[in-house]
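Written out below as structure tokens is the structure these notes cover.
The values are calculated or read from the model by the stated rules, or taken from the named source; none is laboratory data. Fair warning: this is a prediction, and the values are worked out from it, not measured in the lab. Cβ placement follows ideal geometry from the backbone for every residue including glycine, while neighbour counts extend to all protein chains displayed. Note: areas computed on protein heavy atoms with side chains; ligands, DNA, RNA excluded. Shrake-Rupley method; radii C 1.70, N 1.55, O 1.52, S 1.80 Å.
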Amino acid sequence: MCGIVGYIGKKPANKILVDGLKRLEYRGYDSAGIVTLDENGEVKINKVKGKVAQLDDEIAEQADKNSIGIGHTRWATHGEPSVANAHPHKAGEIFLVHNGIIENYKELKAELADHKFVSDTDTEVLAALINSFYDEKTSLFDAVRLALKKVVGTFGIAVVSTREPNEIITARLGSPLIIGLGDNENILASDASALFGLTDKAIYLNDGEMAKITREDVKIYDLNGSEIVGKIEKIDTNLAAIQKNGYAHFLLKEIMEQPETLNATLRGRIDAMKKTVKLGGLNLSEKDLKNVQHVVIVGCGTAYYAGLLASYYLAELLPDVTIEVVVASEFRYKKSFLPKNSVALIVSQSGETADTLACLREIKSRGAKTIGVVNAVGSTIAREVDGGIYVHAGPEISVASTKAFTSQVSAMIMLGVSMAQTRETAEDFVEKIVAELAILPDEIKKLLNKYVAEIEKIATKYAKYEHAIYMGRDTAFPTALEGALKLKEISYIDANGYAAGELKHGPLALVDDRFFEVVMLLEGNLLDKTISNLSEVNARGGHVFAITNSDKEITAESILRVKTDLKILTPILLNVAQQVFAYYIAVARENDVDQPRNLAKSVTVE
Ligand code: M6R
């Protein structure tokens with residue numbers, strides 16, 4: 001979604017802003033812009049509809065040495081993608097970039113008759129509102145503060161003014177901001193990746209906080225203007241993690257690096273010899289773990305499907321606990337009973353997803369303990385949960401989530417194992433699943449070494465279709481849902497996942513030459529029943545791609561037979577095959593694989 005970068009220092013700001021915006025491109029956007037000022041308030045503004053590379057071309061032709069500036073990538077919410085709607089927005093002497101949504105922008109706009117609006121955005125309304133408070137007696141800081149008191153909605157903002165050109169004012173409510181601290185320079189961003197290579201010291205703003213950033217100093221305040229002490233934290237600045245490292249796309253790189261990223265998830269946590277799991281950071285006592293009666297897992301998209309798949313394993317590990325998995329955007333609006341001694345797993349790669357964050361706050365207010373299953377270190381969800389398991393998959397740049405899924409499922413399984421050990425349940429299963437977790441990274445490596453070319457060949461055959469059905473039973477059912485999501489988001493093929501047993505209750509009516517079907521058949525896991533479901537599709541002229549770990553006779557148009565030592569965790573492995581399949585279909589269709597149309601990486605609006 002939208003991205004913010006701000007810079008104040010001695011170097012030309014435009015290059016730093018554009019480089020920072022490039023690192024935020026993965027979040028998804030449709031227009032971009034920057035404004036720079038010099039110490040006397042001289043202004044240079046560049047805005048484009050389209051890619052940050054165009055901004056780069058524009059600034060290359062300008063001899064702009066201005067050393068203060070703010071920049072933005074916009075993902076349209078109010079008003080179409082256009083130069084007029086791109087940020088920064090101007091009102092009087094001020095310029096504003098904004099992430100989030102001003103919900104009462106219509107009411108505010110009606111009160112701002114003096115401003116001549118040139119865009120359709122809620123952000124310009126906020127700029128005009130700040131400007132309405134910005135008279136001779138009021139500082140930029142106070143004008144921003146007073147304006148924000150009238151706002152209903154969410155914001156992460158950065159504001160500069162030609163009248164006070166030696167500071168950036170920033171504020172956050174519901175939309176992340178991080179301030180990187182340098183030597184006589186400071187840099188602001190909505191995502192730590194924009195700071196990579198620049199500084200490793202930063203202050204994360206909390207909701208309801210503002211900051212005044214000068215070259216020499218960063219001061220943090222609450223929205224009433226009282227100064228507070230910001231906590232300086234060390235951030236990971238591994239630039240390699242946000243580069244393609246020779247791969248054609250981030251998506252392929254992230255699929256291929258799963259053996260290492262999963263190892264990072266498991267490292268120091270599982271003991272393959274003793275068949276045990278140890279998790280630090282849960283902040284739950286042994287007594288708490290023993291008393292849990294109910295586990296609710298919430299997340300969106302792939303994170304939700306990771307929760308759904310993990311729930312099958314948790315149910316085996318914790319036979320005396322009820323397990324519920326809910327889409328975060330629904331949880332808050334559906335009346336539901338949260339039993340005493342509930343624990344909520346809040347699953348999110350970015351740790352910033354608005355629906356998931358809202359759920360976390362709701363669940364906390366209802367007294368349940370919350371455990372984050374989060375990838376992005378320092379993200380809002382990671383900071384607000386009672387305890388957590390960082391999944392340590394490293395930055396995921398491609399909008400389509402791959403390595404995060406694998407690590408999230410594994411992290412939740414480790415939590416289930418750790419609870420089962422404390423409660424002394426499912427001892428045999430604990431032993432088997434820990435042994436499989438320990439070999440899973442190597443099994444993924446073998447799959448990636450051995451089967452990618454074969455999967456690519458199969459994918460090329462199915463790239464022409466516009467419709468797809470994914471199906472599987474038991475643990476292969478959530479895997480089918482995830483496979484279909486991956487395919488639809490990067491190939492734009494209309495793909496849906498079903499429980500294989502459900503096909504005859506409706507979806508079978510769809511089967512014809514416009515469709516292909518992906519069926520996952522797992523040895524020892526309702527295999528014969530799934531084969532029957534597959535036959536029902538074959539009998540109706542289906543174009544089936546079967547993925548299996550079985551040697552059994554299977555009839556399908558295409559078959560991928562994966563040899564593996566896994567028995568329980570096969571769906572996680574075979575999901576990697578689904579990821580490769582979706583990737584090559586998207587490549588064959590010449591789509592923007594890393595930044596699919598209409599989507600954003602970090603969905604910070606509800
Ligand atoms: O950052 P999160 O894990 O909270 O994101 C949740 C979903 O937006 C995300 O998984 C989305 O569905 C992906 N694009 C799927 O590949």
Of the conditions (1) open to solvent by less than 10 Å² (accessible area, probe 1.4 Å); (2) farther than 20 Å from ALA310 by Cα; (3) within 15 Å of the ligand (Cβ to nearest atom); (4) of a type in the set (Ser, Thr, Tyr), the single one that THR530 does not satisfy is (3)
Listed by first then second residue, the pairs whose first member lies in the stretch 116-130 and is open to solvent by less than 10 Å² (accessible area, probe 1.4 Å) and at pLDDT 95 or above, whose partner is assigned to a helix (DSSP H, G or I) and of a type in the set (Gly, Ala, Ser), with beta carbons under 6 Å and at least 6 positions apart or on separate chains, are LEU129/ALA147; ILE130/ALA143; ILE130/ALA147
Reported set for the stretch 407-445 where residues are among the β-branched types (Val, Ile, Thr) and within 16 Å of the ligand (Cβ to nearest atom) is VAL409
Reported set for the stretch 55-111 where residues are hydrophobic (A, V, I, L, M, F, W, C), modelled with pLDDT under 95 and assigned to a strand (DSSP E or B) is ILE102
| query | Would the stretch 136-155 turn up any residue that is touching a residue at least 60 places away in the same chain (Cβ under 8 Å), part of a strand (DSSP E or B) and within 19 Å of ILE34 (Cα to Cα)? | reply | no
The residue that is nearest to the chain's Cα centre (by Cα), considering only those in the stretch 135-176 that are farther than 22 Å from THR380 by Cβ and small (Gly, Ala, Ser), is ALA147
Counted residues in the stretch 479-518 being under 17 Å from GLU536 (Cα atoms), among the small types (Gly, Ala, Ser) and in contact with a helix residue (DSSP H, G or I) (Cβ under 8 Å, 6 or more places away or on another chain) come to 4
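Yes or no, residue by residue, for (1) among the basic types (Lys, Arg); (2) at pLDDT below 95; (3) within 16 Å of the ligand (Cβ to nearest atom):
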residue	(1), (2), (3)
LYS231	yes, yes, no
LEU262	no, no, no
LEU266	no, no, no
LEU284	no, yes, no
GLY301	no, no, yes
Just one listed residue, out of ASN238, ASN341, ASN291, ASN283, is of a type in the set (S, T, N, Q) and within 30 Å of ASP442 (Cβ to Cβ), and it is ASN238
With criteria (1) surrounded by fewer than 24 Cβ atoms within 10 Å (Cβ to Cβ); (2) out of contact with any Asp or Glu (no Cβ under 7 Å at 6 or more places or on another chain), ILE168 comes up short on (1)
Within the stretch 381-392, the residues that are open to solvent by less than 30 Å² (accessible area, probe 1.4 Å), within 15 Å of the ligand (Cβ to nearest atom) and over 12 Å from the mean Cα position of the chain (by Cα) are ALA382, VAL385, GLY388, ILE389, VAL391
Per the filter on the stretch 503-527, residues of a type outside the set (A, V, I, L, M), open to solvent by 40 Å² or more (accessible area, probe 1.4 Å), in a helix (DSSP H, G or I) and in contact (Cβ under 8 Å) with a residue 12 or more places away in the chain are LYS504
Among the residues of the stretch 408-442, the number that are over 21 Å from LEU284 (Cβ atoms) and either in contact with a His (Cβ under 8 Å, 6 or more places away or on another chain) or open to solvent by less than 10 Å² (accessible area, probe 1.4 Å) (or both) is 2
Worksheet entry | Meets criteria (under 26 Å from the mean Cα position of the chain (by Cα), within 15 Å of the ligand (Cβ to nearest atom), over 30 Å from LYS274 (Cα atoms) and crowded, with 20+ Cβ neighbours inside 10 Å) for SER401 | yes
GLY180 meets each of (1) in a strand (DSSP E or B); (2) under 19 Å from VAL35 (Cα atoms) with one exception, condition (2)
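Residue-wise test of (1) assigned to a loop (DSSP other than H, G, I, E, B); (2) surrounded by fewer than 22 Cβ atoms within 10 Å (Cβ to Cβ); (3) among the hydroxyl-bearing types (Ser, Thr, Tyr); (4) assigned by TED's automatic domain parsing to the domain that holds ASP207.
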residue	(1), (2), (3), (4)
PRO339	yes, yes, no, no
LEU345	no, no, no, no
GLY351	yes, no, no, no
LEU357	no, no, no, no
LEU360	no, no, no, no
ILE363	no, no, no, no
GLY367	yes, yes, no, no
GLY372	no, no, no, no
ALA376	yes, no, no, no
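So that you can scan it fast, the table gives a plain yes or no per residue for (1) polar (S, T, N, Q); (2) closer than 14 Å to GLN579 by Cα:
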site: LYS450; (1), (2): no, no
site: LYS464; (1), (2): no, no
site: THR479; (1), (2): yes, yes
site: LYS486; (1), (2): no, yes
site: TYR492; (1), (2): no, no
site: ALA500; (1), (2): no, no
site: LEU526; (1), (2): no, no
site: HIS543; (1), (2): no, no
Picked from the stretch 1-13 (must be under 14 Å from PRO88 (Cα atoms) and at pLDDT below 95), the residue most open to solvent (accessible area, probe 1.4 Å) is CYS2
Among ILE547, ILE568, ILE572, the single one that is part of a helix (DSSP H, G or I) and of a type outside the set (Asp, Glu) is ILE572
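Do we find a residue being out of contact with any His (no Cβ under 6 Å at 6 or more places or on another chain), without any contact (Cβ under 8 Å) to a residue 24 or more places away in the chain and in the same structural domain as VAL417 (by TED's automatic domain parsing) anywhere in the stretch 312-327?
Yes, the stretch 312-327 contains at least one residue that is out of contact with any His (no Cβ under 6 Å at 6 or more places or on another chain), without any contact (Cβ under 8 Å) to a residue 24 or more places away in the chain and in the same structural domain as VAL417 (by TED's automatic domain parsing).
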Cβ pairs under 9 Å, 6+ apart or interchain, first in the stretch 273-286 and within 18 Å of LYS432 (Cβ to Cβ), second part of a loop (DSSP other than H, G, I, E, B), ordered by first then second residue, are VAL277/ARG269
Apart from one, (1) open to solvent by 20 Å² or more (accessible area, probe 1.4 Å); (2) in contact (Cβ under 8 Å) with a residue 24 or more places away in the chain; (3) of a type outside the set (S, T, N, Q) all hold for VAL229; the odd one out is (2)
The condition of being of a type in the set (A, V, I, L, M) and more than 23 Å from VAL385 (Cβ to Cβ) holds, among LEU266, LEU289, LEU223, only for LEU223
**Request:** Test ILE490 against the criterion of being at negative phi and either surrounded by 22 or more Cβ atoms within 10 Å (Cβ to Cβ) or within 16 Å of the ligand (Cβ to nearest atom) (or both), and give yes or no.
**Result:** yes
**Prompt:** If you check VAL347 against the conditions, is it more than 10 Å from the ligand (Cβ to nearest atom) and in contact with a strand residue (DSSP E or B) (Cβ under 6 Å, 6 or more places away or on another chain)?
**Reply:** no
Subset of the stretch 215-224, residues open to solvent by less than 30 Å² (accessible area, probe 1.4 Å) and part of a loop (DSSP other than H, G, I, E, B), comes to ARG215
Of the candidates GLY79, GLY92, GLY71, the one satisfying the condition of being small (Gly, Ala, Ser), within 26 Å of ALA354 (Cβ to Cβ) and crowded, with 17+ Cβ neighbours inside 10 Å is GLY71
